[in-house]
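Here the structure is laid out as structure tokens; the discussion comes afterwards.
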Amino acid sequence: MSSVRTQLVAGNWKMHGSLAVNQTLLQDVLAGLAGCKAAVAVCVPFPYLAQAQTVLAGTPVAWGAQTVSEYAQGAYTGEVAAAMLADFGCRYVLVGHSERRALYGESDAAVAAKFMAAQQAGLIPILCVGETLAEREAAITGEVVTRQLEAVIDAAGVQALARAVVAYEPVWAIGTGKTATPQQAQAVHALIRGRVAAADAAVAEKLQLLYGGSVKPGNAAELFAMPDIDGGLIGGAALVAADFLAICAAAS
């Protein structure tokens, strides 16, 4: 891993949690972070942003949300604007997560619009890209990931990535029992960095690239040892404090 890139471990809680469970989980994570050199964040469901802000304010752990509206305000019932997330002290927000793309039909254009809305409110978007099992088996991983990345570059400009994070999440390796090898993950991370470098080498060198394909304590160190993997976007393991802390330690 390059010395100019800070390692980041971000926990995506998905649609899990309760006030009581969250309180214990956050306190256990805080208690176990001594000596961790990686940047750490948790992305929680909207109803728990206030709780995250209360518990985490003034600590080394940042917090964020799992999606955001592309609209600043208006008649969009049920949506949450980026400025609203900023009101709760969010630093990060996920955009284009595979579940949002697959289950809610978010297009590349919509993801790019959400990315720009997040940045306009001062948030750091974590742009998620990745291919399905069918796409990998069709040998079009590079085409899919490049298309998703270029939708944002074309809309926001490559310089916008200097204020963002990119997370590669192979959809086929999430909750399926299949696992991407560190070499497979590295190949896609190198592809992403190379595409950015073609437009701006300085942005590419400092860009944080996270791996989000079922990172666990047992595989984190080997994944993070790859030259273009700068940390992880953690799903299920983020719901167990000991597992999340072990992954944070591996990133350190």
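Every number here is computed from the coordinates shown, using simple stated rules; none is lab data. The structure displayed is predicted, hence computed values, not measured ones. All Cβ positions, even for glycine, are placed from backbone atoms using ideal geometry, and neighbour counts span all protein chains on display.
Quick look at the values:
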read-out	value
Structure-based [θ]222 nm, the chain - -39500 (n - 2.57) summed over DSSP H runs of at least 4, per residue, nearest 500	-12500 deg cm²/dmol
Student exercise, the chain dipole from Lys, Arg, Asp, Glu Cβ charges, in Debye to nearest 20	380 debye
Where Rh is the Kirkwood radius over Cα pairs, Rg/Rh for the stretch 105-191	0.99
Non-local Lys pairs in the chain, i.e. 8 or more apart or on different chains, that have alpha carbons under 21 Å apart	6
Relative contact order (%) - criterion: Cα under 8 Å, at least six apart; region: the stretch 8-251	21 percent
Among V93, Q23, L8 the positive-end extreme of the charge dipole of the chain (Cβ point charges)	Q23
Within-12-Å neighbourhood charge of D230 [Cβ basis; K, R +1; D, E -1]	+1
Relative contact order, percent, the stretch 58-109 [alpha-carbon distance under 8 Å, six or more residues apart]	39 percent
